[in-house]
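Q: Handing you a structure now.
The values are calculated or read from the model by the stated rules, or taken from the named source; none is laboratory data. Predicted model, so just to flag it, every value in this text is computed and none were measured. Cβ placement follows ideal geometry from the backbone for every residue including glycine, while neighbour counts extend to all protein chains displayed.
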Ligand code: S5P
């Protein structure tokens, strides 16, 4: 029996037939979580109810990870621990662990306070090698969500073993992140077995192959293409080409201080704000404020913030998000209780009023610089699409001395990414190492995803820092995660 490409030497026909019998592999019309209609459905959760099958699955996966594959993939690098991706792969990893007396570590899915370091449970030490165990791989994203926290806790991950490779780009995606995929079974191999045993018709086989070909995660392949210019350049190099002095200053600062972390200190009293700025100051390149949530703001608050900025070498960004006609925006920038232009290094503006809002802000006495909101992190935002991003870019390009960059989410994936001037700074909010979102629409990604996968330069972290029990150490952790991701990006 010809095994599908990427399958192991010991392609196990009986295992395929058993999986089919317990309906872990089903054919029909299924609506996936993504909304796509699929002719095949894999539900490997059912395996826990069949101990003998669970045992065989564990054996097949151990073989796949410790022997050379038919396609020449070498055995996994020696590992000290295995980590099953919650939940389906946890019992599989447990059985593998029992058979081979190999230690496991466990990644917690929900971690309340990242600073407690309880994200990874088990007995391990830095540089221990972990084999990640997953039931199946599609795009590779779910595996990556387990790999990233392991690496953050200084564990080395080099190999991933799955029962089934859906052959939808996961292998290339993981490879682009330095990981080798070992698969006991592949979809093409499974189909070959089931057609040979007359369990499915050649027509069904073809429809599944067509579905797989049409639904590929190409992120792994995209990485191999020429990246947008700014991704391959250091902050220092880009500082030299920046047309806006505030962008040059921030990029230089990031290079000098080795931090790309912006702390968003969204607290409601001056005392809390200044205490936090003092605590996190040594770790950040920027402190972001919302002065209008501070109940006792005075001129002294702004002045003290600037003193701390000088003492700790960071810049101050007031997140005012101007969105009115030019005349009003200019008044809001210069006047009122907050006199924002007198103490902030830069501000930001929505593009909805059109380009004159930039002219107006630029004309204010003491004006610093401005970021434009090209994308937002909140669920359901209507600021989306290529046309919206293109408008932001056009507005920036018309004022390159005053617009220092963008608040954005996925600049690397913008259609126009290759043409974006590397002198712009990309600042990305919606960053957390522990949470996926809040109850009012915030959506989080990790520093690594933001910087490596989405092209951010600066990660903006709010509650992940000021909401932690120890803001100082939380800021140090985010700083380390952000800088490591930037260094990894430069290596790609
Ligand atoms: O799209 C955006 C733009 C901004 S500036 N999404 C955001 O979350 N922000 C700001 O970033 C937001 O106003 C808040 O100050 C910070 C994120 O805070 P966190 O607590 O969710 O990390």
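The rows are residues; the columns are (1) in the same structural domain as residue 169 (by TED's automatic domain parsing); (2) out of contact with any strand residue (DSSP E or B) (no Cβ under 8 Å at 6 or more places or on another chain); (3) more than 16 Å from the ligand (Cβ to nearest atom); (4) over 16 Å from residue 344 (Cα atoms).
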site: 210; (1), (2), (3), (4): yes, yes, yes, yes
site: 233; (1), (2), (3), (4): no, yes, yes, yes
site: 246; (1), (2), (3), (4): no, no, yes, no
site: 250; (1), (2), (3), (4): no, no, no, no
site: 275; (1), (2), (3), (4): no, yes, yes, yes
site: 288; (1), (2), (3), (4): no, no, no, no
site: 291; (1), (2), (3), (4): no, no, no, no
site: 296; (1), (2), (3), (4): no, yes, yes, yes
site: 313; (1), (2), (3), (4): no, yes, yes, no
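Q: If I ask for residues that are modelled with pLDDT under 95 and either more than 10 Å from the ligand (Cβ to nearest atom) or under 18 Å from residue 380 (Cβ atoms) (or both), which ones from region 422-437 would you list?
A: 433, 434, 436, 437, listed by residue number.
Q: Still on this structure, I have one more. Quick check, is residue 376 free of Cβ contacts under 8 Å to residues at least 40 places away in the same chain, within 19 Å of residue 460 (Cβ to Cβ), in the same structural domain as residue 341 (by TED's automatic domain parsing) and crowded, with 18+ Cβ neighbours inside 10 Å?
A: yes
Q: For region 222-234, indicate whether the set of residues that are surrounded by fewer than 18 Cβ atoms within 10 Å (Cβ to Cβ), in a helix (DSSP H, G or I), at pLDDT 95 or above and under 28 Å from the mean Cα position of the chain (by Cα) is non-empty.
A: no
Q: Of these, 417, 471, which one is surrounded by fewer than 24 Cβ atoms within 10 Å (Cβ to Cβ) and either more than 14 Å from the ligand (Cβ to nearest atom) or not assigned by TED's automatic domain parsing to the domain that holds residue 399 (or both)?
A: 417
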